Amino acid sequence: MISRQKYPEYLLKLRAQKEFYQLSDEEFTDLTADIKFRLYPKGQILFDQDDQRKHFYYLLKGIVRVERFDMNGDASFYEYVSMNHGFPYRGLFVDDNYAYSVRSMTEILVADLPMDKFETEIKSNLAMMKNIVVEMEAIISQDEDHLQHMVTSSASERVLYSIYLMGAKLASWMKMNT
């Protein structure tokens, strides 16, 4: 559990992030009125695929793994989210349930915002909406690039590319934590 005494420090860090910096002080205060900062150990599941979509998370420390499972319970998709990024963007305004599961790969610190308040703020703030769309475009572009590298017929190239991606995410995380 995070002490309420640490909240002002974490709110300042969150306020500086691209998704939030353009909000007025009043808008930011309204959005974060019900915020919770949570520290989770490695291996913690934040939510499962098909759970009710109630929270938007902003990762302030660590790395999480996004996993989507097929009908047999096999992971059919996975991606990593590193610190200073929010999730889930998939399903904004349209889905009632999460489209994937999220598990911490390291100890993590997250800002937990009520999804309905987050979506309401996006709708009422054009600058925030633009930043969210830009973030979503970056995610889509990255995923398309990954997909293009992974559809090669060479299994060794797919494995090497997967290792490269994991190494790049971990290197980014290590850089931010040193």
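Numbers below:
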quantity	calculated
Hey, Y78 of a type in the set (F, W, Y), in contact with a helix residue (DSSP H, G or I) (Cβ under 6 Å, 6 or more places away or on another chain) and modelled with pLDDT under 90 or not	no
Filtered residues of region 18-27 (kept if open to solvent by 80 Å² or more (accessible area, probe 1.4 Å) and over 19 Å from E135 (Cβ atoms))	D25, E26
Test for D30: is it open to solvent by 70 Å² or more (accessible area, probe 1.4 Å) and within 22 Å of Y7 (Cβ to Cβ)	yes
Exclusive hit being basic (K, R), in contact (Cβ under 8 Å) with a residue 60 or more places away in the chain and more than 18 Å from K36 (Cβ to Cβ), set R103, R68	R103
Qualifying residue in region 38-52 (condition: under 21 Å from I132 (Cα atoms) and touching a residue at least 24 places away in the same chain (Cβ under 8 Å))	no
Residue, least open to solvent (accessible area, probe 1.4 Å), within region 53-65, restricted to residues that are in contact (Cβ under 8 Å) with a residue 60 or more places away in the chain and basic (K, R)	R53
Enumeration of residues in region 82-102 that are under 11 Å from the mean Cα position of the chain (by Cα) and outside any loop (DSSP other than H, G, I, E, B)	S82, H85, G86, F87, V102
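The values are calculated or read from the model by the stated rules, or taken from the named source; none is laboratory data. Just so you know, these numbers come straight off a predicted model, no measurement behind them. All Cβ positions, glycine included, derive from the backbone under ideal geometry; neighbour counts span all protein chains shown. Ligands, DNA and RNA are stripped out before the accessible areas are found, and what is left, the full protein with its side chains, is counted by its heavy atoms. Shrake-Rupley method; radii C 1.70, N 1.55, O 1.52, S 1.80 Å.
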